[in-house]
Structures are given as C-alpha cells and as structure tokens.
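Peer 1: Shown below is the structure under consideration.
Taken together, the values in this text are just the output of simple stated rules run on the coordinates, not laboratory data. Computed from a prediction, not measured in an experiment: that's the story for all the values here. Virtual Cβ from ideal backbone geometry, glycine too; neighbours counted across all protein chains shown.
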Amino acid sequence: MSGIIIGKDREHRSISNAGLFFRRWLANPLQMGSIIPSSPTFCRLIAERVERDPHEVVVELGAGTGVVSRALLAAGIPADKLLLVEIVPDMAEHLRRMLPGVRVVCGDAFELPKVLAEAGNPPVGDVVCGIPLVMLPAEQQRRIVSAMLEASPRRGFLHLSYCITSPLPKRRLGLTGGRLAYTWRNFPPGGVWRYAPARS
C-alpha cells in the first residue's frame, strides 16, 4: 500500500512541477531555456560534476521547480550546504515547501554578491547556473558572469546549456573552459559546461 501511495505522490509531484514550470515559461520565456524541466539523466550529469569542500555551499541560480536541486541532494550535498536563488516568488515558495532544510532566497542572480552578503557570506564551492545565458545581451552576460566569478573565483561556475557550441563568448568574457558532459536523454539535449577566469 505504501508503495502505491509513494508512486502516486511522485507522479503528482512530477505533474505539479511540469505545470508550474510551464506557467513560469509562459510568463517570461526569456528567463528559461526550455518549456519543461530537465530530465533525471541531465540533472545527474550536473550533480556529478559539482565541486565543493565540506565547509562550502553550492549555489544554484534559477532553481525553478528544484529538479536539479534534488539531484544535488541525492549526490550527497547536505541540505544546509545548498543555497538556491530564484527570482520568481511563486517558484521560490514552491522550493521552500518541496526542499525542507535547503536555504531558498528569492533574489536576483545579477546581484549574487549582495544575495550572499545578506545570507551571511557563506564560503562558496561551485555555482550552478541554470539561467539561459546564451539568450542574454552581451552586457547582461558580462554582469552575471562577473557576479558568479566574484562568488567563486577559484572554481568558476557550471552552466547548463542546450547549445552544441559554447553558449558564452569565452575570449570576450575573459573565460576559459569547455563542455564536461552531454546527453541526448533530455528535451532538448543538453550539456554541462564549466567556465573559469582565464589566467594570463
């Protein structure tokens, strides 16, 4: 009986996530790269490549319905070492309900240093960016990249993207890096990219 209940709960949660995700996409398509959440395979690829020391937090930008967040927790990141930044209030509240123990900040990723300061300036391991950076104008790309590198200057950041080639102009932004993983088991197919400051 309990297995049936759990199965129905997971199915309901999946439908609820997809509906919430789609409503957010309708409200602002430019904030999102897809009309449906990332697949379990894609989320696992991301989570497996996150780096952090035991005392560091992982920051996820644009956490959405939390599918990547749950993969990060499943990969062993403690709930109190995961900090989610989500600009849409309804989505932030959804994350708080679905992920007890995880710190969720309703804030702007472009203001990441300010968000972290208000959160007590925790030491940051990796920043995981689910925002479709390729769709941003050049100046906004520069702003958000600068914010992420300020938060994690040593490691840089991980970026989820559906682009075959680099979604960011590395030379123009002073970055180095490349694609770490790719999967066809997502719609659309997606890759995990790591970027760090280029060393002169």
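Peer 1: For the residue pair Thr41 and Arg172, what label-to-label distance in nm results when each label sits 7 Å from Cα along the Cα-to-beta-carbon direction?
Peer 2: According to this spin-label approximation, the distance is 3.2 nm.
Peer 1: Counting only residues 5 or more places away or on other chains, whose amide H sits under 5 Å from the amide H of Cys129 once H atoms are built in the peptide plane?
Peer 2: Distant-sequence amide H within range of Cys129: Leu61, Leu158, His159, Leu160.
Peer 1: Mind giving me the nanometre distance, one decimal, between the label points for Phe187 and Arg142, set 7 Å out from Cα along Cα→Cβ?
Peer 2: 3.9
Peer 1: Highest mean first, how do 51-58, 81-88 rank when packing is the count of other Cβ atoms within 10 Å averaged over residues? Intermediate results must be reported in sequence, preceding the final value.
Peer 2: Values: 51-58: 15.0, 81-88: 22.8.
In decreasing order of mean packing, 51-58, 81-88 become 81-88, 51-58.
Peer 1: Counting other beta carbons within 10 Å of each residue's own, what order do Leu45, Leu173 fall into, fewest first?
Peer 2: Ascending number of Cβ neighbours within 10 Å: Leu173, Leu45.
Peer 1: Which semi-axes, in whole Å and largest first, does the equivalent ellipsoid of the stretch 39-140 have when worked out from the alpha carbon gyration tensor as the square roots of 5 times its eigenvalues?
Peer 2: Over the Cα atoms of the stretch 39-140, the semi-axes work out to 19, 16, 15 Å.
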